[in-house]
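Have a look at the structure below, then the notes.
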Amino acid sequence: MSDSKENVNDGKPTELTFAIGESINGFKLVKKIDEGGFGQVFKVTNDDKTFYAMKLESNFQEGGSAIKLEINVLNQLPKDTVFPKFICGGKKIRFHYLVLELLGDNLKTLKARSVNPEVWSDGTWSRIGIQCLYA
């Protein structure tokens, strides 16, 4: 069970917060990777000391659960694919979660670390596009 906290506004939960070190379904939150409109992504570990990515979103998300749809899509993909490997997912009282294979840094992080984070060269964008096409 999670010790996550939720902020309440007029009796309706508006945001979930999760603490580093907290465990969700046997996975310990190690570091927040990112957050966006649908929820938060954490680096997590389990008993075998392997690192994974865990996506978390509120059950009170307008428009329903994106994670529920993502789990459905990932379960239908062939096992030999360029997508991250689906580990597990589920629903708790206040949130949905999804655990995936942890890949490298996302483009947002790589761009922020680059020499000129404002502009990437045409060559960089071309290499990204080629990798997407080969995927």
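So here's what we get for this one:
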{"item": "Number of the exception - residue 1 against (1) aliphatic (A, V, I, L, M); (2) over 28 Å from residue 131 (Cα atoms); (3) at pLDDT 90 or above", "result": "(3)"}
{"item": "In region 68-100, residue modelled with the lowest pLDDT [restricted to those that are aromatic (Phe, Trp, Tyr) and under 18 Å from residue 16 (Cα atoms)]", "result": "95"}
{"item": "Filter result (out of contact with any helix residue (DSSP H, G or I) (no Cβ under 8 Å at 6 or more places or on another chain), small (Gly, Ala, Ser) and not in a loop (DSSP other than H, G, I, E, B)) within region 59-103", "result": "66, 90"}
{"item": "Options 71, 93, 128: the member that is crowded, with 17+ Cβ neighbours inside 10 Å and out of contact with any Pro (no Cβ under 6 Å at 6 or more places or on another chain)", "result": "71"}
{"item": "Single residue of region 74-84 satisfying the filter (aliphatic (A, V, I, L, M) and more than 13 Å from residue 99 (Cα to Cα)) that is surrounded by the fewest Cβ atoms within 10 Å (Cβ to Cβ)", "result": "82"}
{"item": "Number of positions in region 51-96 that are among the hydroxyl-bearing types (Ser, Thr, Tyr) and closer than 27 Å to residue 134 by Cβ", "result": "2"}
{"item": "Subset of region 104-124 [assigned to a helix (DSSP H, G or I) and small (Gly, Ala, Ser)]", "result": "112, 123"}
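The values are calculated or read from the model by the stated rules, or taken from the named source; none is laboratory data. As the structure is a computational prediction, the values presented were derived from the model and not from experiment. Note that we place each Cβ from the backbone using ideal geometry, even for glycine, and neighbour counts take in every protein chain shown.
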